[in-house]
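Where a number appears in this text, it was derived from the coordinates with a stated rule and is not lab data. These figures come from a predicted structure and were not determined experimentally. Cβ atoms come from the backbone with ideal geometry, glycine included; neighbour counts cover every protein chain shown.
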Amino acid sequence: MPDPAVPMSEEVAEQTAKQIINAAYQPTSFRDDRPLPQYGPTPPVPQPGRPPMSSKAVDDTARMLGASVLVAASGGSATAILWASGHANPVVVALVFGAPTALVLAIGRLTKKAKDSLPDEHHYHYEGPVYQDQRHVHSSTRGVWAKTNNQQ
């Protein structure tokens, strides 16, 4: 661009205006015009920039960021305590650095036990009109001559 202090000729001003307008109307998005599939899920379209990640990769990233914050906080607090006390007591150091580790291990065991106690997920896919009846029948058979009672 020319220097703003120097007056422009009509031709230079028109050329500069065209450059500014063309720069403003440059496309900033991406459109995929390929036809969509007839059935099934629509496949993801990778956008320019960072590649797409799986949900497991996103979960792992969040877990690593959370762990890094925990490590930074516990390390910073340990440093502040040791600096404020003026000496490093081995028992204090063991407690400060061992407590977060024990907490993480305890939370890990708790989540593993909670995961095992969750009910199973069932996904049913039907086509057309469907009537779904989910009754639980309790049956008991007793006596020498068997008589069966089905109760709902």
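Brief remarks on what is shown
- Length added when fully stretched, ARG109-ARG63, from 0.36 nm per residue minus Cα-Cα: 15.0 nm
- Model label sites at GLN19 and LEU82, defined 7 Å from Cα along the beta-carbon direction, differ in position by 5.9 nm.
- Relative contact order, percent, the chain [alpha-carbon distance under 8 Å, six or more residues apart]: 9 percent
- Overall form of the chain per C-alpha gyration tensor (a/c, 1.5; a/b vs b/c): oblate
- VAL45/TYR124 FRET efficiency (R0 30 Å; Cβ-Cβ; nearest 0.05): 0.50
- Using Cβ point charges alone (K and R +1, D and E -1), the dipole size of the chain about the Cα centre works out to roughly 1320 debye.
- Global size of the stretch 55-111 as Cα Rg and Dmax, reported in angstrom: 14.2, 47
- Full extension of the segment from SER54 to HIS136, taken as 0.36 nm per residue of separation minus the current Cα-Cα distance, would add 25.6 nm.
- Descending by average beta-carbon neighbour count within 10 Å, the peptides 35-45, 120-130 line up as 35-45, 120-130, the highest first.
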